[in-house]
Amino acid sequence: MVKRFNELKTGDTFAWKIETDEYLDFKGRYIILTYYYNEDFEKRSCKLFRLKITKDEKLPVNEEEVNNLEDIKLRYNIYELAIKEYEEAKNAIPDEYGYIYQYTLEMYIDRKTLPKKLIYIGNFQLKPIPNEFYFKKGTRNQAYACWEYFDEDILRPYVQYNLKQFMGYTKEGNKKIYDHEVEEENFRMYLKKLGDAIEGPNGKEVLKALGIDIDQEIKEGKHLKDSLTYVGSKEEKAIKKKP
C-alpha cells in the first residue's frame, strides 16, 4: 500500500526491508518508520518519521509488537549543552553518559508518493522514550536521510549509538566529545554576538576593529562603477551588425 504524502496521519507505520551489502548482519531485517506530525517541519516540505528496527525478518503485526521493537538512535546531544539552546530539551532524561537522543528522522519530499518499497503495516501510537529530544522547532543538526542511501544512513548511527561503538561511550572519549562540543558552542555564541554587534548602530566601528573599512569598500566600489563604460546589450549589438 503506497500512500501519498498529503494523506499521512500521525502513527502511520511502514516497513523498509534492509538490502545493503555494507551491513550484512542486518540484511533481510526491517527498519520500521512511524510518521510523526510536526507543524514547523511540515511548512518546510518534509516529513518526520520515528524509527525502529526488527530483530529478524519478521514484521510486527500490532501496536504492542511495534512498541517492543528497539528504537534507533539517530543523533546524540549533550544534555547539559542542549538545555541551554532548546527549551524542549529540558523534558528529556539523559542517559548515564549525559546524552539525549534524536529518534525522529527528517525526510525531504522529492515526489508526491512514498517509495513503493515501503510496506504499510498500520497506524500505531508509539510510547515516549525518556532520553529522547522531542524538538518543536528543529535543531541545527537534525537527523535526515535520503531514500537512495536509506539503509546506510540509518544503520550507521544505529551501529554507533545503539551498539555503542561511538567513542563517546568511553571515559576518555566522553571527555573529548564534551570538550569539543563546549568549544564549538562557545564559538557559535561568539559568532552570534559578533553578528548582533555588526548589525547594531556601531557596526562600522566593529568591522573596522576587524580590519574591514566599509566606507573605503564603498568608495572603491563606486570608483570601479564610475570607470565602467556601457557598450550595449547583446540585442543592441546584434541590431548594429545587421546591414
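Observations
- Residues (open to solvent by 90 Å² or more (accessible area, probe 1.4 Å) and acidic (Asp, Glu)) located in the range 174-191: 183
- Residue check for residue 78: in contact with a Gly (Cβ under 8 Å, 6 or more places away or on another chain) and open to solvent by less than 30 Å² (accessible area, probe 1.4 Å): yes
- The set of residues in the range 86-98 that are in contact (Cβ under 8 Å) with a residue 60 or more places away in the chain and in contact with an Asp or Glu (Cβ under 9 Å, 6 or more places away or on another chain) contains only 98.
- Pairing residues of the range 187-209 that are closer than 22 Å to residue 85 by Cα with residues that are assigned to a loop (DSSP other than H, G, I, E, B), at Cβ distances under 7 Å and at least 6 apart in sequence or on separate chains, gives no pairs at all.
- Across the range 9-22, the number of residues qualifying as open to solvent by 20 Å² or more (accessible area, probe 1.4 Å) and either out of contact with any strand residue (DSSP E or B) (no Cβ under 9 Å at 6 or more places or on another chain) or under 18 Å from residue 145 (Cβ atoms) (or both) comes to 4.
The values are calculated or read from the model by the stated rules, or taken from the named source; none is laboratory data. Predicted model, so just to flag it, every value in this text is computed and none were measured. Positions of Cβ are backbone-derived with ideal geometry, glycine not excepted, and every protein chain shown enters the neighbour counts. The accessibility values were calculated without ligands, DNA or RNA, using every heavy atom of the protein model including side chains. Shrake-Rupley method; radii C 1.70, N 1.55, O 1.52, S 1.80 Å.
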